[in-house]
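Worksheet for the structure shown next.
The values are calculated or read from the model by the stated rules, or taken from the named source; none is laboratory data. Because the structure is a prediction, the values reported are computed rather than measured. All Cβ positions, glycine included, derive from the backbone under ideal geometry; neighbour counts span all protein chains shown.
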Amino acid sequence: MNNTEAAQIIREISKSINEDPAQFRFNININSVGFQASNASGAGFIVNPQGGGPGSTTIGMQASGPSNLDIQIRKGAADNEIKEQLKQATGLMDEMAQELEKSRPDHSLVERCLGSLEQSIVPASVTAVVKKIISLFFEA
């Protein structure tokens, strides 16, 4: 495989990710504590409801989970983080492609980029393809 072919393939992979990042499915889990209490006085937690009588709806203690807005904000933050990480990964691929197009590519630079790509959010199948392309190029 020559340098132009290797660079073109890696650039196409990067372009595909940039144009359609939704092709990957990520699970986002949002955990929340509805109620948390601590007390240094020895009693775990004491509730003394006030008021009320027969038929009263007085609540001594009430705990609730996050609102729908809280969940949307957290999901939005997670989506933004995923987009940023994908952008960084495609930047690594573009950097590798640019280096491969040189008459004397720096093998160590390409390997460092590949190592960073392997630690990224990009699925292992994509990284494996890029790794194989690079190995075919440097074998030739």
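Within region 72-121, if we keep just the residues that are of a type outside the set (G, A, S), farther than 18 Å from A7 by Cα and in a loop (DSSP other than H, G, I, E, B), the residue that is modelled with the highest pLDDT turns out to be Q119. Does A6 count as modelled with pLDDT of 65 or more, surrounded by 12 or more Cβ atoms within 10 Å (Cβ to Cβ) and not in a loop (DSSP other than H, G, I, E, B)? For A6, the condition - modelled with pLDDT of 65 or more, surrounded by 12 or more Cβ atoms within 10 Å (Cβ to Cβ) and not in a loop (DSSP other than H, G, I, E, B) - is met. Of all the residues in region 95-128, those that are touching a residue at least 40 places away in the same chain (Cβ under 8 Å), over 18 Å from the mean Cα position of the chain (by Cα) and surrounded by 12 or more Cβ atoms within 10 Å (Cβ to Cβ) number 6. As for region 23-38, it holds no residue that is more than 19 Å from E81 (Cβ to Cβ), at pLDDT 90 or above, surrounded by 10 or more Cβ atoms within 10 Å (Cβ to Cβ) and not charged (D, E, K, R).
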